[in-house]
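Below: one structure, written as structure tokens.
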Amino acid sequence: SQKIEQNSEALNIQEGKTATLTCNYTNYSPAYLQWYRQDPGRGPVFLLLIRENEKEKRKERLKVTFDTTLKQSLFHITASQPADSATYLCALGASGGYNKLIFGAGTRLAVHP
Amino acid sequence: GAVVSQHPSWVICKSGTSVKIECRSLDFQATTMFWYRQFPKQSLMLMATSNEGSKATYEQGVEKDKFLINHASLTLSTLTVTSAHPEDSSFYICSASFRTDTQYFGPGTRLTVL
């Protein structure tokens, strides 16, 4: 069955450093992959989308890579700030139809001053 | 842009009662709306997909008679949890999209069934 793995342990980093989160998947060939941010008790907020034919995408301090051979995506936050502390979700999608997403359980990021 | 609202943000009800949750896209017309459920420290689990004017498509294992979904217009979808029981207590989140791969999520509704 399709499986998405995100590091279940919280990632603790110092302010100003680069945070790197990992998303691995098996038994799936997504047409695209998305990253969302979720704060406690709130709905996810869309951050970035990267398609299967793209290697890297950037948006301000955010960078995502997508390696369809390794079946892995890396999500980077450069110059991290305490306000970046949240849970980050990886979601895989297939184009066509109703564009359903399959979500990972997320990785909690804590940025310390 | 792309704002999705949910109402109520939280609800407490007695076992056996029905609860309705509304999901609205405020500044765009949503061709598709999705309903998810999330238990603590777990991923979002898709319950059903609905398109305006047609019946919802439910995921395997989700009881369609228990979780009634109505997508009455391009800006409104409702989820009704019928005869709710304590095991239905969860965080329910809707999302909406308009002919794109990106989904815009509502703030979620915390349901507690006593």
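Each reported figure results from applying straightforward, stated rules to the coordinates on display, with no laboratory input. The structure presented is a predicted model; accordingly, all values stated were derived computationally and were not measured. In this analysis, Cβ positions are derived from the backbone assuming ideal geometry, glycine residues included, and neighbour counts consider all displayed protein chains.
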Taking each pair of distinct Cα atoms in the range A:46-100 once, what is the resulting Kirkwood hydrodynamic radius in Å? 12.7
May I ask you to evaluate 6.51 cos²θ - 1.76 cosθ + 1.60, the Karplus curve with θ = phi - 60°, for each residue of the range B:54-69 and list the ³J(HN,Hα) values in order in whole Hz, giving x for glycine and proline? 10, 5, 6, 9, 9, 6, 4, x, 9, 7, 5, 7, 8, 10, 8, 10
Apply the Karplus parameterisation 6.51 cos²θ - 1.76 cosθ + 1.60, with θ equal to phi minus 60°, to every residue of the range A:45-57 and state each ³J(HN,Hα) to the nearest whole Hz, in sequence, with x for glycine and proline. 10, 5, 10, 8, 10, 10, 9, 5, 8, 10, 8, 8, 9
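Relative contact order for chain A using alpha-carbon pairs under 8 Å, separation at least 6, rounded to a whole percent?
It rounds to 35 percent for chain A.
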Take every Cα pair under 8 Å in chain B that's 6+ residues apart, average their separations, divide by the length, and report that relative contact order as a whole percent. 37
Whole number please: convex hull volume per residue of the Cα set in the protein assembly as shown, in Å³? 124
Just subtract the alpha-carbon distance of A:Leu74 and A:Asn12 from 0.36 nm times their residue separation and send over the number in nm, one decimal. 20.7 nm
Taking the range B:8-95 as the region of interest, what is the percent of Cα-Cα pairs per 10 angstrom bin, listed from the shortest bin to the one with the maximum distance? 17, 52, 29, 3
In whole Å, what are the extents of chain A along the principal axes defined by its C-alpha atoms, from largest to smallest? 43, 29, 21
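Rounded to two decimal places and with Rh computed the Kirkwood way over Cα pairs, what is Rg over Rh for the range A:1-47?
Here the Rg-to-Rh quotient is 1.01.
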Just flag the trypsin sites (Lys or Arg not before Pro) in the range A:4-83 sitting in loop per DSSP whose Cβ has no more than 12 other Cβ atoms within 10 Å. A:Lys55
For chain B, with a Gaussian network of springs between Cα atoms less than 10 Å apart, report the residue from B:Lys41, B:Lys66, B:Lys14 with the top mean-square fluctuation. B:Lys41
Phi angles of the range B:8-25, converted by Karplus (6.51 cos²θ - 1.76 cosθ + 1.60, θ = phi - 60°) into ³J(HN,Hα) in whole Hz with x for Gly and Pro, give x, 7, 8, 8, 10, 9, 8, 4, x, 8, 10, 10, 10, 10, 9, 10, 10, 8
Cα-Cα longer than 32 Å, checked against A:Lys57/B:Lys64; A:Lys3/B:Lys64; A:Lys59/B:Lys55; A:Lys57/B:Lys55; A:Lys63/A:Lys100, kept in input order, equals A:Lys57/B:Lys64; A:Lys59/B:Lys55; A:Lys57/B:Lys55
Sorted by Cβ neighbour density within 10 Å, fewest at the top, the residues B:Arg99, B:Arg37: B:Arg99, B:Arg37
